[in-house]
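Structure, as structure tokens:
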Protein chains: 2
Amino acid sequence: MTDDQRKNGYGMIREQTIEKYCGDLYSRLPAPGGGGAAAVAGALAACLGGMVENFTLGKKKYAEYEEETVKALAETARIRDSFLRLADRDEEVFLPLSKAYGLPHETEEEQAEKDRIMEACLKDACEVPLEIMRELLALSECLSAMIGKTNRMVLSDIGVALALAHGAMESAALNVRINTRSMKDAEAATERNEECERLLSEEAKIYGTFFPEVREALK
Amino acid sequence: MTDDQRKNGYGMIREQTIEKYCGDLYSRLPAPGGGGAAAVAGALAACLGGMVENFTLGKKKYAEYEEETVKALAETARIRDSFLRLADRDEEVFLPLSKAYGLPHETEEEQAEKDRIMEACLKDACEVPLEIMRELLALSECLSAMIGKTNRMVLSDIGVALALAHGAMESAALNVRINTRSMKDAEAATERNEECERLLSEEAKIYGTFFPEVREALK
């Protein structure tokens, strides 16, 4: 976040009230947008994973999993913080991109300069949702490993976390695609699209296996 | 929110910073939990719908849809506010339920009194995620109607909103089930489960039709 952006009302998302964040999202401000909202939804999912472990830690029944419980508590906290940083980062990389769209392109030189700047901005703007997707996959792996080793009273919260992470995954993938489709460097675009598809498919396997398991266990 | 709950650190969710809400969600506090997180995710989705309309209002290209644009702006704002209230309400109804679990049940009278209180609390606790699901269905209908009638620059945000709403829908449904499964009044439980399944299936039809349409349009 640059001083200029702070002056224009942008700030660290974690410091904003939910009302302010929602109001900015609803408004005509260039940011936040769908990429940031996906990161915030991911943070909610990570917190629910941590909550499940907090309600498990110290319970005799799950004592044999204590080491895993402690590790998962640290991992969900790490991922939550990562998502909140990525929500900020999404705004940081979007603002130069939205400016670049408006650059003059009447002469050949102007067009070439606009293309060069756009391409660099698109690559930055792509990296954020890709990183969100990597963290969502890590979170889904962590959540699915909790099933059967955590307090059954909060089993539904693992399900909620898996479902919110899945929605965030599909969301972040759209944000990768809207940037790769405008890239001129076809190789760079393909590489990113392939990683995007791989992450989507790995997480979909986890969600497709474990969400129904949670749902059935709660019937 | 009662004064007692406020004294214990609960307050309106909209007034909390994202960091505080995430911290409380992660922690061992009895609330917030998965039901509230689903409502907050729904609020993010509603805000994105409003954002899409804010970036459409006043554009010549979409002038013929102005009336719909204005209506959708009001509807997404209404749904956003409803979700934020429902996130508060989820905490309000959960706290008496979590207390009721701990009531004495050694004598027959105590057991009968505990059953009576539990049943009332379960019905209240069920109504909140059901209302979240009703609002999510209304939101999905509103979002899907925006496609083709709104600024194409923010088409991906309709997709993100649909995906986050879908994740919230699956989440809220788990929260209906964890309450109906403990109800003694089988008729009341069945009625609520049936509404839950109907809402799930109506929203799934919208998501299954329109999310792939958005994704394909962005390829």
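The values are calculated or read from the model by the stated rules, or taken from the named source; none is laboratory data. Everything numeric in this text was worked out from a predicted model, so none of it was measured. Note that each Cβ is placed from the backbone with ideal geometry, even for glycine, and that neighbours are counted across all protein chains shown.
See the values below:
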| item | result |
| --- | --- |
| Residue count, the range B:32-47 (criterion: more than 7 Å from every other protein chain (Cβ to nearest Cβ), farther than 23 Å from B:THR69 by Cα and either touching a residue at least 60 places away in the same chain (Cβ under 8 Å) or of a type in the set (Val, Ile, Thr) (or both)) | 2 |
| Meets criteria (under 17 Å from B:SER171 (Cβ atoms) and surrounded by fewer than 24 Cβ atoms within 10 Å (Cβ to Cβ)) for A:ILE147 | yes |
| Residues satisfying the stated conditions in the range A:140-158, i.e. farther than 26 Å from A:ALA37 by Cβ and either within 11 Å of chain B (Cβ to nearest Cβ) or in a helix (DSSP H, G or I) (or both) | A:ALA145, A:ASN151, A:ARG152, A:MET153, A:LEU155 |
| Conditions (1) within 25 Å of A:ASP81 (Cα to Cα); (2) away from chain B (no Cβ under 13 Å); (3) assigned to a helix (DSSP H, G or I); (4) not polar (S, T, N, Q): number failed by A:GLU191 | (1) |
| Selection from the range B:106-125 of residues that are in a helix (DSSP H, G or I) and either β-branched (Val, Ile, Thr) or in contact with a Cys (Cβ under 9 Å, 6 or more places away or on another chain) (or both) | B:ILE117 |
| Single residue of the range A:48-81 satisfying the filter (touching a residue at least 60 places away in the same chain (Cβ under 8 Å) and closer than 19 Å to A:ILE132 by Cβ) that is surrounded by the most Cβ atoms within 10 Å (Cβ to Cβ) | A:LEU48 |
| Only one of A:GLU141, A:GLU135 that is under 30 Å from A:ASN54 (Cβ atoms) and surrounded by fewer than 16 Cβ atoms within 10 Å (Cβ to Cβ) | A:GLU141 |
| Residue match in the range A:4-13 (condition: assigned to a helix (DSSP H, G or I), at pLDDT 95 or above, surrounded by 16 or more Cβ atoms within 10 Å (Cβ to Cβ) and not polar (S, T, N, Q)) | no |
| Test result for A:ARG177, at negative phi, touching a Ser or Thr at 6+ places or on another chain (Cβ under 8 Å), surrounded by fewer than 24 Cβ atoms within 10 Å (Cβ to Cβ) and touching a residue at least 60 places away in the same chain (Cβ under 8 Å) | no |
| Single match in A:LEU84, A:LEU103 (criterion: touching a residue at least 12 places away in the same chain (Cβ under 8 Å) and part of a helix (DSSP H, G or I)) | A:LEU84 |
| Some residue of the range A:159-174 being touching a residue at least 40 places away in the same chain (Cβ under 8 Å), at the interface with another protein chain (Cβ under 8 Å from one of its Cβ atoms), touching a Cys at 6+ places or on another chain (Cβ under 9 Å) and over 25 Å from A:ALA100 (Cα atoms) | yes |
| Single match in B:ALA165, B:ALA189 (criterion: closer than 28 Å to A:ASN179 by Cβ and buried (at least 17 other Cβ atoms within 10 Å of the Cβ)) | B:ALA165 |
